[in-house]
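Below is one structure, written out as structure tokens; the observations come after it.
The values are calculated or read from the model by the stated rules, or taken from the named source; none is laboratory data. Note that this is a predicted model, so its numbers are computed, not measured. In this analysis, Cβ positions are derived from the backbone assuming ideal geometry, glycine residues included, and neighbour counts consider all displayed protein chains. Each accessible area value is taken on the protein alone, full model and side chains, heavy atoms only, with ligands, DNA and RNA left out. Shrake-Rupley method; radii C 1.70, N 1.55, O 1.52, S 1.80 Å.
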Amino acid sequence: MNEQIIWIVLKRLRTPFLVIIITFAISILGLVLIPGTDNNGNPYQMTFFDAFYFVTYMASTIGFGEAPYTFNYEQRMWVSFAVYFTVIGWFYGIGAIVSLIQDEALRKALSTNSFRNQVKHINKPFYIILGYNSITKSIIDRLNGRDYRVVVLDKDDKKIDELILENFYPDVPAFVGDATNQKMLKIAGIHQKNCAGIISLFEDDMVNSKIATISKLLNKKLDIIVKATSQQQLEHFRSMDLKHVKNPFDIISKRIYYGITAPHIWLLEMWMYGHILKLKKRDHFPQGKYIIYGNGRMGKAIKEGLEKAGVEYVIKDFDSQKYIQDKNTTIFGDDDDMESLLKLGVKESSCIIAATQNDLLNLTILNKAKQLNPKIFTMARENALDDLNIFQASKINKIYIVEKILADATYNYIARPLADLFIQEARKKDDEWAEVIVHMLNNITGMNPMYFETRLNDDNAYALTLELQEGENITLADLRRSRADRNELLHIVFLLLKRGDEVYLMPDSRMKLEIGDELLIVSDEENYDDFEYIVNNIYELEYVLGCATS
Amino acid sequence: MNMHKIMSGSFFILAMTVNFGFFYGDPTILIEHSSYELFAAIIVNLIATVLKLGDRTQLGAVLLATSIVADIQLIASATVWAFAMYVMSSVGTEAITAIISLSGGALLANIVSVILFIGDTLKSKR
């Protein structure tokens with residue numbers, strides 16, 4: 001129990017206690033002073049104990065009758081006064097205690113306390129997520145309970161109620177509190193040893209920067225993941241030595257660049273985010289002129305990507321709020337609009353991108369463009385996640401959901417660090433390399449391979465670490481043998497090996513393994529199960545290795 | 001000077017003086033000690049205790065502790081009296097000395113709290 005709560009309770013109980021003591025004292029004293037008459041008519045004086053006994057049961061309205069002898073009229077007059085007097089005292093006392101339970105300050109102190117305890121009892125590494133919304137919800141959904149736990153702070157108590165109703169398992173401790181407040185961050189466990197990091201993806205760059213600064217001061221070892229939407233902000237965060245700055249618009253810009261210049265690298269990246277590993281016809285970005293509608297943060301990011309790819313484009317300044325105010329509609333496409341589309345050259349263009357902040361406008365812009373030029377490739381920005389169905393139904397070639405991109409990137413960074421690393425490394429290669437990799441993966445593991453990350457240590461690869469400790473030479477190729485028949489190969493590919501700070505992309509199969517190596521493995525469920533058996537079971541491993549040495 | 005300070009200060013001193021009034025006299029003769037004074041001492045002590053509830057300062061906590069000690073002693077004294085009178089049906093010398101010495105202990109606790117209270121008051125004066 002927190003000290004503060006005890007003090008609040010005690011202070012509030014002061015007056016009710018006083019009232020009860022005084023009413024009791026006066027009633028007892030009166031009974032002692034008034035002379036009584038016993039059963040034989042002799043006068044007697046009540047002792048303090050008699051009076052105390054009588055008042056105790058009278059005041060609490062239990063009532064046993066008159067003791068020790070039947071009262072005379074003087075006593076009865078006093079008792080009738082005392083009944084009302086003490087009962088009022090009791091009721092006041094009970095009322096005060098009830099209202100104390102309902103007291104806002106006390107409730108707040110109690111819930112702060114229980115939140116603090118919940119956080120304290122988390123024994124896995126955990127992330128503090130600031131702000132609860134659809135982005136952070138999807139991060140919580142995927143992250144919570146697997147390798148990490150999550151703690152949430154939000155200013156708005158409705159959001160916290162919403163979170164509580166979600167019934168996450170394992171439980172997500174959540175509390176109403178200002179994320180820029182140091183005290184709240186401390187309560188949320190920023191100083192705790194197992195606090196892995198803090199995730200701040202607020203829309204407002206200023207808030208993110210404030211949080212990053214405070215968190216950095218409070219705990220240097222913390223992994224701080226922040227969102228930045230402008231170049232200056234990005235540089236500011238870099239200067240603060242934050243490595244994990246997530247800029248959704250930057251990601252979109254890069255995706256467009258790679259989509260146009262190196263589609264297989266793009267494909268590998270998208271596959272890491274759940275796309276199937278096959279370049280479909282509609283995934284190809286067209287060559288030719290591009291039209292961008294909307295010169296906001298998204299429009300500028302697309303512009304950057306196109307410029308880098310060397311594609312011809314026009315960008316149209318389009319303020320969605322002003323448009324809605326001026327025309328009083330969210331449907332794009334009156335004569336003026338058609339004319340401006342034609343002026344931008346919609347008939348000669350190969351692609352149109354609607355990047356305004358209004359979903360309906362984005363949809364209608366693309367519809368009108370399609371009417372004028374049925375062959376045009378369409379891309380849209382989607383702002384609100386709940387409109388997903390309309391967007392899917394309207395046959396847009398590519399949809400960018402800023403929130404989803406941000407959530408995916410954050411999740412991959414935290415829970416799949418090797419996949420994140422792979423994307424970075426792959427970007428340094430050229431498209432031919434990527435094409436070879438894609439074909440190889442398709443040949444070995446099929447169209448829709450899964451990827452797994454593992455670290456070779458006692459927990460994940462018991463048998464293998466035993467062998468390695470004995471000084472055995474084990475190569476990556478040895479681990480690819482099937483446990484059913486050691487001359488057969490498992491359908492798995494080692495995509496990336498990380499040893500300390502060194503990263504080996506597509507490691508050589510003759511490479512010798514060391515304890516602590518991290519592997520990014522592409523496979524299907526069945527083959528990966530086999531792999532896990534081999535590295536964990538001594539007999540399986542010896543069978544597989546026996547072939548290698550014989 | 002605030003009202004609450006005056007109230008709690010006066011109750012602390014009153015608790016001590018009333019208790020002294022009960023304690024003063026031959027410790028073997030019960031008639032020299034009034035049961036009304038014991039009653040008053042108990043009530044005043046309880047009030048002094050309640051007035052210190054919820055005081056977060058260091059001194060407040062110590063004062064609360066001393067007056068809880070005084071309460072326990074005085075209530076024990078009254079309990080011994082009632083027990084001797086009704087259960088043993090005679091108040092012998094042993095019971096009387098126990099009653100008086102228990103209240104003597106409470107008096108010590110009262111004196112301690114008054115000294116602390118005075119000390120704090122003097123310290124706060126510049």
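Computed quantities for the displayed model
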{"read-out": "Qualifying residue in segment B:29-48 (condition: on the phi > 0 side of the Ramachandran plot and outside any helix (DSSP H, G or I))", "value": "no"}
{"read-out": "Selection count where residues are of a type outside the set (S, T, Y) and either assigned by the TED database to the domain that holds A:V522 or not in a loop (DSSP other than H, G, I, E, B) (or both), scope segment A:258-281", "value": "13"}
{"read-out": "Search result, residues across segment A:215-233 that are in contact (Cβ under 8 Å) with a residue 12 or more places away in the chain and surrounded by fewer than 17 Cβ atoms within 10 Å (Cβ to Cβ)", "value": "A:K216, A:L218, A:S230"}
{"read-out": "Top-ranked residue in segment A:245-265 [being out of contact with any helix residue (DSSP H, G or I) (no Cβ under 6 Å at 6 or more places or on another chain) and open to solvent by 30 Å² or more (accessible area, probe 1.4 Å); ranked as nearest to A:A228 (Cα to Cα)]", "value": "A:D250"}
{"read-out": "Some residue of segment A:57-69 being more than 14 Å from chain B (Cβ to nearest Cβ), of a type in the set (D, E) and open to solvent by 30 Å² or more (accessible area, probe 1.4 Å)", "value": "yes"}
{"read-out": "Segment B:14-50: number of residues that are within 14 Å of chain A (Cβ to nearest Cβ) and buried (at least 16 other Cβ atoms within 10 Å of the Cβ)", "value": "21"}
{"read-out": "Given (1) surrounded by fewer than 13 Cβ atoms within 10 Å (Cβ to Cβ); (2) more than 11 Å from chain A (Cβ to nearest Cβ); (3) touching a residue at least 12 places away in the same chain (Cβ under 8 Å), number of the condition B:Q58 does not satisfy", "value": "(3)"}
{"read-out": "The lone exception for B:T66 - which of (1) modelled with pLDDT of 90 or more; (2) open to solvent by less than 50 Å² (accessible area, probe 1.4 Å); (3) within 13 Å of chain A (Cβ to nearest Cβ) it fails", "value": "(3)"}
{"read-out": "Of the criteria (1) modelled with pLDDT of 90 or more; (2) open to solvent by 60 Å² or more (accessible area, probe 1.4 Å), which one B:A95 fails", "value": "(2)"}
{"read-out": "Odd one out for A:K300 among (1) assigned to a helix (DSSP H, G or I); (2) open to solvent by less than 30 Å² (accessible area, probe 1.4 Å); (3) over 20 Å from A:Q287 (Cβ atoms)", "value": "(2)"}
{"read-out": "Criterion: within 14 Å of another protein chain (Cβ to nearest Cβ) and open to solvent by less than 40 Å² (accessible area, probe 1.4 Å) - qualifying residue of A:L18, A:L29", "value": "A:L18"}
{"read-out": "Extreme residue, surrounded by the fewest Cβ atoms within 10 Å (Cβ to Cβ), among residues of segment A:491-550 that are assigned to a strand (DSSP E or B) and of a type in the set (K, R)", "value": "A:K512"}
{"read-out": "Given (1) aromatic (F, W, Y); (2) part of a helix (DSSP H, G or I); (3) more than 9 Å from every other protein chain (Cβ to nearest Cβ), index of the condition A:Y44 fails", "value": "(2)"}
